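Below: one structure, written as structure tokens.
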Amino acid sequence: MSTDRSVTPAKQPIVTKPSQIVTIDRYILEQQLSHPGASGDLSGLLYDIALTGKMIAREVKKAGLVDILGHTGTINVQGEEVQKLDDYANQCFIKNFDHTGRLWVMASEEEDDPVPIPEKFQMGSYVLLFDPLDGSSNIDANVSIGSIFSIYRRVTEDGRRGTLQDLLRKGCDQVAAGYVLYGSSTMLVYTTGHGQVDGFTLDPSIGEFLLSHPDIRIPEQGGIYSCNEGYRNLMSAGTRRYLDYLQEDDADTGRPYSARYVGSMVADVHRTLLYGGIFMYPATTRAPGGKLRLLYEANPMAMLIEQAGGMASTGREPLLEVQARELHERVPLFMGSKRDVERAIEFETGAR
Ligand code: FDP
């Protein structure tokens, strides 16, 4: 019998030291401290976005359980009315932001008109636009969806109410923008400009967003294009020639590109931000102005892409320079790696 009593030590679980963890609260606070004179209102708005994202993520996780927990419009076992997820997300944004004293006015993709701050609450100096649940046609298939937000400073000063003037802006006026992605994990990605885009992943065990993707930079050029090619025959000749170009065999320029299209803008743009390439929703004969909403989808995503070193265009002009004329205006868009978007513009404008 062996006298060697040594045993293989049990594997230690991998534990992240507290010193290595940067919570979103800490990160936002540190950013605020690096801007002396900041009122803290923008930080407050970002904390509220994180909270809203967590509340929506909790409900999204239950979306597949409708047969068990109850259908929309019915009363569930707890005696609560089951709300449609996009209505829930919309209400969640409105209720979490209307009383904070930080906002002047809001607008939601789900509401026809601007959402005023109720009289009983204090008014603030920021303007919030949001798409509470983007890609919602994907919910029942358990595919990633997201919430998108865009923040501006108010421009009107008088009276007790923000107006359309505060909301109909150019994307380049945004002071912050971002999204919460409800995917295999929940992520919050945001920018406040200065060429900085950061991503945080929700650790469900502690209910906190932790810095997981600091300083995201989009590659100069990618190898993936993302587009609903089902509408190819409805697209312009330039767009079709660009798609042909992406599909040609030319190893020197990394073609053909791979195609990836989730059909959920937040997921498609998130992948584009991380891996590079191009996401596009061009004009079609059925939707000559494009499909995606300028204020709730295009502008915030364009700000993120550009702050990460990429480019965003309508195909003819810089996306962030488009002056909004209507709250629910749509726009054709091309965004992603700089070289890919430049090439798309060449085809769109007929330069190639
Ligand atoms: P959805 O209709 O599912 O809400 O603008 C909304 C959006 O999704 C985007 O998230 C997505 O990129 C796009 O529409 C998908 O549109 P198509 O089905 O026309 O491709």
Exactly one of (1) within 24 Å of Val189 (Cα to Cα); (2) without any contact (Cβ under 8 Å) to a residue 60 or more places away in the chain; (3) away from the ligand (no atom under 14 Å from the Cβ); (4) surrounded by fewer than 18 Cβ atoms within 10 Å (Cβ to Cβ) is unmet by Asp252. Its number?
(1)
In the range 306-315, is there at least one residue being touching a Phe, Trp or Tyr at 6+ places or on another chain (Cβ under 8 Å) and within 14 Å of the ligand (Cβ to nearest atom)?
no
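What number of residues in the range 264-287 are over 21 Å from Ser147 (Cβ atoms) and away from the ligand (no atom under 14 Å from the Cβ)?
3
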Leu65 vs. criteria open to solvent by 80 Å² or more (accessible area, probe 1.4 Å) and either at pLDDT 90 or above or not in a loop (DSSP other than H, G, I, E, B) (or both)
no
Across (1) open to solvent by less than 30 Å² (accessible area, probe 1.4 Å); (2) within 12 Å of the ligand (Cβ to nearest atom); (3) on the phi < 0 side of the Ramachandran plot, Tyr261 clears everything bar (1)
Take the residues of the range 110-133 that are hydrophobic (A, V, I, L, M, F, W, C) and in a loop (DSSP other than H, G, I, E, B): which is least open to solvent (accessible area, probe 1.4 Å)?
Ile117
Checking Gly230, Gly159, Gly195, Gly199 in turn, the sole residue that is assigned to a strand (DSSP E or B) and either without any contact (Cβ under 8 Å) to a residue 24 or more places away in the chain or on the phi > 0 side of the Ramachandran plot (or both) turns out to be Gly199
Lone qualifier among Asp166, Asp140 - being out of contact with any Asp or Glu (no Cβ under 6 Å at 6 or more places or on another chain) and within 16 Å of the ligand (Cβ to nearest atom)
Asp140
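From Tyr245, Tyr296, which residue is surrounded by 15 or more Cβ atoms within 10 Å (Cβ to Cβ), within 15 Å of the chain's Cα centre (by Cα), aromatic (Phe, Trp, Tyr) and part of a helix (DSSP H, G or I)?
Within the list Tyr245, Tyr296, the selection yields Tyr296.
Could you grab me the full set of residues in the range 215-227 that are part of a loop (DSSP other than H, G, I, E, B) and either more than 16 Å from the ligand (Cβ to nearest atom) or among the hydroxyl-bearing types (Ser, Thr, Tyr) (or both)?
Asp215, Ile216, Arg217, Ile218, Pro219, Glu220, Gln221, Gly222, Gly223
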I'd like the full set of residues that are more than 10 Å from the chain's Cα centre (by Cα) and open to solvent by less than 20 Å² (accessible area, probe 1.4 Å), limited to the range 304-313.
Ile305, Ala308, Gly310, Ala312, Ser313
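Matching residues to (1) among the hydroxyl-bearing types (Ser, Thr, Tyr); (2) at pLDDT below 95:
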position: Met106; (1), (2): no, no
position: Pro114; (1), (2): no, no
position: Asp140; (1), (2): no, yes
position: Thr156; (1), (2): yes, yes
position: Gly193; (1), (2): no, no
Considering only residues that are open to solvent by less than 10 Å² (accessible area, probe 1.4 Å) and either without any contact (Cβ under 8 Å) to a residue 24 or more places away in the chain or away from the ligand (no atom under 16 Å from the Cβ) (or both), which ones fall in the range 143-156?
Ile151, Tyr152
Could you list, ordered by first residue, the pairs with Cβ atoms under 6 Å in which the first is in the range 296-317 and free of Cβ contacts under 8 Å to residues at least 24 places away in the same chain and the second is in a strand (DSSP E or B), at least 6 apart or interchain?
Glu306/Ala312
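Please work out which residue is farthest from Gly199 (Cα to Cα), limiting yourself to the range 264-286 and to residues that are open to solvent by less than 30 Å² (accessible area, probe 1.4 Å) and in a loop (DSSP other than H, G, I, E, B).
Pro282
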Test for Gly290: is it under 24 Å from Arg240 (Cβ atoms), touching a strand residue (DSSP E or B) at 6+ places or on another chain (Cβ under 7 Å), open to solvent by less than 10 Å² (accessible area, probe 1.4 Å) and more than 14 Å from the ligand (Cβ to nearest atom):
no
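The values are calculated or read from the model by the stated rules, or taken from the named source; none is laboratory data. Since the structure is predicted, the reported quantities are computational estimates derived from the model, not experimental observations. Positions of Cβ are backbone-derived with ideal geometry, glycine not excepted, and every protein chain shown enters the neighbour counts. We work out accessible area using only protein heavy atoms, side chains counted, and drop any ligands, DNA or RNA first. Shrake-Rupley method; radii C 1.70, N 1.55, O 1.52, S 1.80 Å.
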